[in-house]
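Computed from the coordinates by the stated procedures, all read-outs in this text should not be read as laboratory data. Keep in mind that this is a model prediction, so the values were computed, not measured. When we count neighbours, we look across all protein chains shown, and the Cβ atoms used for this are built from the backbone with ideal geometry, even at glycine.
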Amino acid sequence: MPQYQIAVIVGSLRQESFNRKLAKAIVRLAPSDFKFKDVLIADLPFYNQDDDACPSDPVKRLKAEIMAAHGLLFVTPEYNRSIPGVLKNAIDQGSRPYGHSAWSGKPAGILGASIGVIGTSLAQQHLRNVLAYLDVPTLGQPEAFIQVKEGLFDELGNIGPSSAPFLQNWMDKYAAWVRHHTIEL
């Protein structure tokens with residue numbers, strides 16, 4: 001059976017972040033032909049156009065992991081009503097130099113969790129704007145603005161029973177989106 005390789009990009013560096021927990025839990029809802037790889041972004045240098053001709057090893061690794069993926073899964077917090085700087089830096093590193101973007105054409109899904117009632121809606125919208133420019137087809141519906149509250153995760157770190165139907169539906173739609181936009185396996 002062919003395997004869909006999905007690059008998971010978490011927009012938080014904090015080990016105990018809600019979004020890292022969400023990323024780990026949501027992939028457990030995926031179909032068996034989907035395999036997920038966490039993409040490290042903490043070691044990337046700040047983007048500097050002067051480095052385009054000779055990128056660092058972490059940048060080369062990032063681009064290779066994105067290029068090897070059939071799809072992308074972004075799970076991000078919201079900082080100051082937008083995406084975290086570390087995520088924007090990773091996107092910039094993977095998109096440069098101009099004309100050599102690793103992101104182009106990769107189908108994506110976006111999730112995010114926050115203690116606020118609107119979840120990460122503004123960060124997700126900003127991320128959609130950036131990804132649209134980079135030619136990344138992004139799943140539009142269902143949107144998933146997750147409020148972190150009691151029961152979101154069970155004692156094993158899985159999605160809790162009250163959120164499982166909604167997030168299973170999201171994952172099913174995401175898997176269909178990736179399959180639809182994947183040219184070859």
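Site pair Gln125 and His181 shows an inter-label distance of 2.0 nm when each label is modelled 7 Å from Cα along Cα→Cβ.
With viscosity 1.002 mPa s and temperature 20 °C, the Kirkwood radius over alpha carbon pairs of the stretch 4-181 converts through Stokes-Einstein to a diffusion coefficient of 131 µm²/s. In the structure shown, the pairs Lys24/Lys173; Lys37/Lys63; Lys88/Lys173 are assessed against 23 Å; a Cα-Cα span above that value is assigned to Lys88/Lys173. Counted by neighbouring Cβ atoms within 10 Å, the residues Glu78, Glu16 run from fewest to most as Glu16, Glu78. In terms of the mean number of neighbouring beta-carbon atoms within 10 Å, the peptides 139-149, 112-122 order highest first as 112-122, 139-149. Between 0 and 90 degrees, the angle of helix 85-95 with respect to the longest Cα principal axis of the chain falls at about 50 degrees. Between the Cα long axis of helix 121-133 and the first principal axis of the chain there is an angle of about 40°, rounded to the nearest 10. Take every pair of alpha-carbon atoms less than 8 Å apart whose residues are at least six positions apart; their mean separation over the length of the chain yields a relative contact order of 25 percent.
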